[in-house]
1. So which residues in the stretch 212-224 are within 16 Å of ligand 2 (Cβ to nearest atom) and open to solvent by 20 Å² or more (accessible area, probe 1.4 Å), if there are any at all?
2. Can we say Asp227 is more than 16 Å from ligand 2 (Cβ to nearest atom), under 30 Å from Thr38 (Cβ atoms), in a loop (DSSP other than H, G, I, E, B) and within 17 Å of the chain's Cα centre (by Cα)?
3. State whether the residues of the stretch 238-250 include one that is open to solvent by less than 80 Å² (accessible area, probe 1.4 Å) and either under 16 Å from the mean Cα position of the chain (by Cα) or of a type in the set (Phe, Trp, Tyr) (or both).
4. In the stretch 68-90, how many are on the phi > 0 side of the Ramachandran plot and surrounded by 19 or more Cβ atoms within 10 Å (Cβ to Cβ)?
5. If you scan the stretch 120-158, which residues turn out to be polar (S, T, N, Q), part of a helix (DSSP H, G or I) and open to solvent by less than 50 Å² (accessible area, probe 1.4 Å)?
6. How many residues does the stretch 117-139 hold that are under 20 Å from Ala13 (Cβ atoms) and under 13 Å from the mean Cα position of the chain (by Cα)?
7. Might you let me know whether the stretch 242-251 holds any residue that is away from ligand 2 (no atom under 16 Å from the Cβ), of a type in the set (Ser, Thr, Tyr) and not in a helix (DSSP H, G or I)?
8. Within the stretch 5-27, work out how many residues are open to solvent by 40 Å² or more (accessible area, probe 1.4 Å) and under 25 Å from Glu146 (Cβ atoms).
Amino acid sequence: MSILTNRPDLEAAVAQVAEVAGYLWQKGWAERNGGNITVNVTDCVDDDLRNLHALTGPLPIGTVLPDIAGCYFYCKGTGKRMRDLARRPMENGSIIRILPDGASYVIVGDRPVQPTSELPSHLMIHNYLIHSGSRYKACLHTHPVEMVAMSHNRQMLEKDVMGRLLWSMIPETLAFAPLGLGIVPYRLPGSVKLAEATLELIRDYDVVLWEKHGTFAVGTDIMDAFDQVDVFNKAATIYLRAKSMGFEPEGMTDEAMEEVQHVFRLPKRRPV
Ligand code: 2HA
Ligand code: ZN
């Protein structure tokens, strides 16, 4: 029997992860085992699940995160493919329980699938989100092609340059991603340095771009985090299509952008 059986909220949260994993694959953002997903599912957990025997002994997180003690997360499995997760989420990911020390976890279901290599960085962000009282429950790392391509241009890596450019490509970007785009300088994938730099910027942005690698986004649920990246990458695609037609896109005027800002009463994402 699956841990999801008779737990419709948990089942729905995992089904949404599977749906998003399918989109990531279809969009070409998830080659091989590329990308990671973690979702805080603590709200979907009942007493039976709290008392359920773990499938593993305690495993170290690698850092101490007091605010996530006792929380539960669905995590994509390390080395697993998004396209497989889309069809079989509980074979390509698992649900973990953080132990009271905030330094270790156990896997509770359905199989002892080892969580993502980026677990410490994802959990550091969840720890921050809980600590700050945020409503955000999901973290998504993926490889959106056009945004990564743009991050190979030094000029785009200046603070808020790329975010402003993307806002000006199509009104919806500003409307739906009003906090803009943070830029994290290149760091080794899975490194503590990358995690720390991401944590620093995710205080101000819902989406950050890891130079020459991918994006890291947070949201109320995984669909929300995906939407944020999708909105930015649509704008990046429009920019690159215009460039490939041989011209620099004009971009919306400041006046047009202010109008959007005014009508949509931005910013209205964040916090709590
Ligand atoms: O887990 O994308 O950056 C696969 C990755 C790591
Ligand atoms: Zn990656």
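1. Lys212, His213
2. Answer is no for this residue.
3. Taking the stretch 238-250 and keeping what is open to solvent by less than 80 Å² (accessible area, probe 1.4 Å), we get 238-240, 242, 246, 249.
Then drop every residue that is not either under 16 Å from the mean Cα position of the chain (by Cα) or of a type in the set (Phe, Trp, Tyr) (or both), which leaves 239.
The answer is yes, given that some residue of the stretch 238-250 is open to solvent by less than 80 Å² (accessible area, probe 1.4 Å) and either under 16 Å from the mean Cα position of the chain (by Cα) or of a type in the set (Phe, Trp, Tyr) (or both).
4. Taking the stretch 68-90 and keeping what is on the phi > 0 side of the Ramachandran plot, we get 70, 79.
From what's left, surrounded by 19 or more Cβ atoms within 10 Å (Cβ to Cβ): none.
The qualifying residues number 0.
5. Step one: list which residues in the stretch 120-158 are polar (S, T, N, Q), which gives 121, 127, 132, 134, 142, 151, 153, 155.
Remaining after also requiring part of a helix (DSSP H, G or I): 121, 127, 155.
Of everything in the stretch 120-158, those that are polar (S, T, N, Q), part of a helix (DSSP H, G or I) and open to solvent by less than 50 Å² (accessible area, probe 1.4 Å) turn out to be Ser121, Asn127.
6. Of the stretch 117-139, the ones under 20 Å from Ala13 (Cβ atoms) are 118-119, 122-123, 125-127, 129-130, 134-139.
After this cut, where a residue has to be under 13 Å from the mean Cα position of the chain (by Cα) as well, the list is 118-119, 122-123, 125-126, 129, 136-139.
Result for the stretch 117-139: 11.
7. Our first condition is that a residue be away from ligand 2 (no atom under 16 Å from the Cβ); within the stretch 242-251, this holds for 242-251.
From what's left, of a type in the set (Ser, Thr, Tyr): 244.
Going one step further and asking which of them are not in a helix (DSSP H, G or I), we end up with none.
Scanning the stretch 242-251, I find no residue that is away from ligand 2 (no atom under 16 Å from the Cβ), of a type in the set (Ser, Thr, Tyr) and not in a helix (DSSP H, G or I), so the answer is no.
8. Qualifying residue count, the stretch 5-27: 6.
The values are calculated or read from the model by the stated rules, or taken from the named source; none is laboratory data. These numbers come from a predicted model, not from an experiment. Please note: Cβ atoms are built from the backbone with ideal geometry, for glycine as well, and neighbour counts cover all protein chains shown. Accessible surface is based on the protein model in full, side chains and every heavy atom, while ligands, DNA and RNA are left aside. Shrake-Rupley method; radii C 1.70, N 1.55, O 1.52, S 1.80 Å.
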